[in-house]
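Read-outs throughout are calculated quantities, based only on the coordinates presented, and are distinct from any laboratory measurement. Please read these numbers as outputs of a predicted model, since none were measured by experiment. Glycine gets a Cβ as well: all are built from the backbone with ideal geometry, and neighbour counts include every protein chain shown.
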Amino acid sequence: LHANTMRPLLTTRVSGISVERADFRDSIGRHPDDFLYLDPPYLFEEASKNHLYGRDGANHRDFDHLALFDLLNDRSDWLMSYGDNPTVRALYQGFPIETFDHQYTGTTVKMGRELLIHPRNSWLGGVQ
């Protein structure tokens, strides 16, 4: 995310919670025993013109979704929200996946579906 978007999060102080603007490969490695909430850029098919973040969708196009999966595959304390996508569902098959409808706001308001993904045997059990 752009620094201006992150500024309110980076300057908010809550005991026991840290917010970073960092590459996920570095950040996840620095927090091996912490609970992680992740909200990666949406995974869009190449033909899609639906790019929400970055110049011409660069934050989507350049994000390494497979590397994120590899880092999370053996962790037990995380929760991730993702835009609903068949490729994401296939990648995280075998992980508990919950779905919910979500209203997106921005230049236009529209409804979409989000996924909540968490590791097997996590503290979340069966989120309702």
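A few points about this structure:
- Net charge of neighbours whose Cβ lies under 15 Å from the Cβ of residue 18, counting Lys and Arg as +1 and Asp and Glu as -1: -2
- Spatial separation of Cα centroids for the range 23-43 and the range 62-84, in angstrom: 8 Å
- Separation in nanometres of the label points that stand 7 Å from Cα toward Cβ, at residue 36 and residue 23: 1.4 nm
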